[in-house]
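*Asks:* Below: one structure in structure tokens.
The values are calculated or read from the model by the stated rules, or taken from the named source; none is laboratory data. Note that this is a predicted model, so its numbers are computed, not measured. Here the Cβ positions follow ideal geometry from the backbone for every residue, glycine too, while neighbour counts run over all protein chains shown.
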Amino acid sequence: MRRTTITLTALGFAAAALAQTPNNLIALTRATPLIAQRDHNTCTPLPVCNPPGFPPAFAQPYAGGTAWDPIRNGVWISNGALLADVDPNTCAYICPPSPAPLVSPNAVVTGLEMLESINQVWMLDSFGNLYQMTYACPPAVTSICNTGLPLTATNATGGLAVDEKNRLVFYTYSNWVTGATQLHIATMGAPCATIQVVNVTPCTTGVPLNGVTGLGVDACRQILYLTDGINTMGWTYNVLPGPVLVFGLQTCCNLPPPAPGDLYVGLAVRSGRATPFGGPCANGVCPLCPMVHTLVNSPNLGNLSFALSLTGAPLGNLAWCNIGGGACSPNLAFPPLCGPLFTGPSLGLIGPVPTGVGAGCGGSATFPLALPMIPPLCGAIISSQCIVLCSGGGAIGTSLSNCLSWEIQSN
């Protein structure tokens, strides 16, 4: 397959804008295991699903964890003893439940994080151990360090998040009697060596915050999210040389979990999804096919497996995907194409990719577009639209898909 190179410099200067479809928070609930989601900014609930047969979390208030998987578009969950990767749309298992590889039978999982830039899953336990694991089903431990945060009669770790853009690691240590919580900050290079400790303050809007059960991070916007099992708090931060973090604005949402009396265990930021624009067209010898263009997975920095997809395309032909800087927008027709290219200024084409053998509208194509860990790309808005060139009987034709607007993210 021949592929036209798309320069990262061009992507870096793509028009920045607000997320086309906002990201949202996602978490496992404790007693009635649900994959629950909320829009923190509007403080509104989103759809939930129930992973079949997944047992409730252990009784300890700090047991359990959640992490977003941008490569498989899944969510890693733990009840304190098991690990699984779940499709949040269907609750089907991507990786079925398996025992967490804990070093002690008395330890429980207290935090999870997925690091797509290094293809690892990280896990924190109640003894303060931080595990680096392979991105596999099930994950296997490659190294362990200890944070120096011991389990006591009153205190334990409770949440884990990693800002891959700034290479920062966050974990919490709470007094589960008083609710007092310390936020510990380290670097990815030495994740168990604390460089800064910050006392977590209650929400400025008056919403209380108790022991922290989960952390998530939007690294592009530099917002750390915390939950005490019921409330969620977004806390902005600036990274100064050192590094030293300065925390600022808090946004708070007091929205109970979907099952009455239940609590969230763990927390993660689910990547925002693409927004479609326009519809398909065809001319010449191309049949009018659905031409559905979607994202294969999440457009996260460091996701070298990121790809674009086309289904419902004319079989027996060649397809390309045009990548543009900025969101999809109305445009004029672009002869000899059957209609307008809705993408922003072109950054390049990926292709050609064969749509398959045969006739009719059952064709498909996948367009790999690796997103390396280049921090200036964070927040760039990109558009994409697929093109098929048809030929037959000495004639030609074209077909176009819908356009997609999507944001390069890091969470």
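*Asks:* Among the residues of region 268-277, is there at least one that is more than 30 Å from residue 58 (Cα to Cα), part of a loop (DSSP other than H, G, I, E, B), of a type in the set (Gly, Ala, Ser) and in contact (Cβ under 8 Å) with a residue 60 or more places away in the chain?
*Replies:* Yes, region 268-277 contains at least one residue that is more than 30 Å from residue 58 (Cα to Cα), part of a loop (DSSP other than H, G, I, E, B), of a type in the set (Gly, Ala, Ser) and in contact (Cβ under 8 Å) with a residue 60 or more places away in the chain.
*Asks:* Further, regarding this structure: For residue 276, are the conditions met, namely being more than 21 Å from the chain's Cα centre (by Cα) and surrounded by fewer than 20 Cβ atoms within 10 Å (Cβ to Cβ)?
*Replies:* Considered against the rule, which asks whether it is more than 21 Å from the chain's Cα centre (by Cα) and surrounded by fewer than 20 Cβ atoms within 10 Å (Cβ to Cβ), residue 276 comes out as no.
*Asks:* Now for a different question. Among the residues of region 27-66, write down those that are among the basic types (Lys, Arg) and more than 19 Å from the chain's Cα centre (by Cα).
*Replies:* If the condition is that a residue be among the basic types (Lys, Arg) and more than 19 Å from the chain's Cα centre (by Cα), then 30 is the only one that fits.
*Asks:* Within region 110-133, restricting attention to residues that are surrounded by fewer than 23 Cβ atoms within 10 Å (Cβ to Cβ) and among the polar types (S, T, N, Q), which residue is nearest to residue 23 (Cα to Cα)?
*Replies:* Residue satisfying both the conditions and the ranking: 117.
*Asks:* Criterion first (surrounded by fewer than 18 Cβ atoms within 10 Å (Cβ to Cβ) and on the phi > 0 side of the Ramachandran plot) does residue 189 satisfy it?
*Replies:* On the way: surrounded by fewer than 18 Cβ atoms within 10 Å (Cβ to Cβ): yes; on the phi > 0 side of the Ramachandran plot: no.
Judged against the criteria, residue 189 is not a match.
*Asks:* Tell me, yes or no, whether region 154-161 has at least one residue that is surrounded by fewer than 18 Cβ atoms within 10 Å (Cβ to Cβ) and either of a type in the set (Ser, Thr, Tyr) or under 21 Å from residue 61 (Cα atoms) (or both).
*Replies:* Checked against the condition, which is being surrounded by fewer than 18 Cβ atoms within 10 Å (Cβ to Cβ) and either of a type in the set (Ser, Thr, Tyr) or under 21 Å from residue 61 (Cα atoms) (or both), region 154-161 yields at least one hit.
*Asks:* Additional query: Looking for whichever is surrounded by 20 or more Cβ atoms within 10 Å (Cβ to Cβ), hydroxyl-bearing (Ser, Thr, Tyr), outside the structural domain of residue 115 (by TED's automatic domain parsing) and modelled with pLDDT of 95 or more here; the options are 364, 384, 309. Which one fits?
*Replies:* 384
*Asks:* Kindly provide the set of residues from region 267-306 that are within 21 Å of residue 344 (Cα to Cα) and of a type in the set (Lys, Arg), ordered by number.
*Replies:* Correct list: 273 only.
*Asks:* Among the listed residues 342, 334, identify the single one that is at pLDDT below 95 and either within 26 Å of residue 70 (Cα to Cα) or among the aromatic types (Phe, Trp, Tyr) (or both).
*Replies:* It is 334.
*Asks:* List pairs: first in region 391-407 and at pLDDT 95 or above, second among the aromatic types (Phe, Trp, Tyr) and assigned to a strand (DSSP E or B), Cβ under 8 Å, 6+ apart or cross-chain?
*Replies:* 402/277; 403/277; 404/277; 405/277
*Asks:* Can you confirm whether region 316-326 contains a residue that is surrounded by 15 or more Cβ atoms within 10 Å (Cβ to Cβ), among the aromatic types (Phe, Trp, Tyr), at pLDDT 95 or above and out of contact with any Ser or Thr (no Cβ under 7 Å at 6 or more places or on another chain)?
*Replies:* Checking region 316-326: at least one residue is surrounded by 15 or more Cβ atoms within 10 Å (Cβ to Cβ), among the aromatic types (Phe, Trp, Tyr), at pLDDT 95 or above and out of contact with any Ser or Thr (no Cβ under 7 Å at 6 or more places or on another chain).
*Asks:* If the requirement is being outside any strand (DSSP E or B) and touching a residue at least 12 places away in the same chain (Cβ under 8 Å), which of these qualifies: 198, 239, 212?
*Replies:* Only one candidate qualifies: 212.
*Asks:* Do we have any residue at all in region 162-175 that's over 16 Å from residue 229 (Cα atoms) and touching an Asp or Glu at 6+ places or on another chain (Cβ under 6 Å)?
*Replies:* Within region 162-175 (the criterion being over 16 Å from residue 229 (Cα atoms) and touching an Asp or Glu at 6+ places or on another chain (Cβ under 6 Å)), the answer is yes, since at least one residue qualifies.
*Asks:* Also: Pairs please, first residue from region 102-122 and more than 12 Å from residue 80 (Cα to Cα) and touching a residue at least 60 places away in the same chain (Cβ under 8 Å), second anywhere and in a loop (DSSP other than H, G, I, E, B) and of a type in the set (Asp, Glu), Cβ atoms under 7 Å, 6+ apart in sequence or on different chains.
*Replies:* 115/164; 117/164
*Asks:* Out of 81, 107, 100, report the one residue that is crowded, with 23+ Cβ neighbours inside 10 Å, small (Gly, Ala, Ser) and either in contact with a Pro (Cβ under 6 Å, 6 or more places away or on another chain) or assigned by TED's automatic domain parsing to the domain that holds residue 145 (or both).
*Replies:* 100
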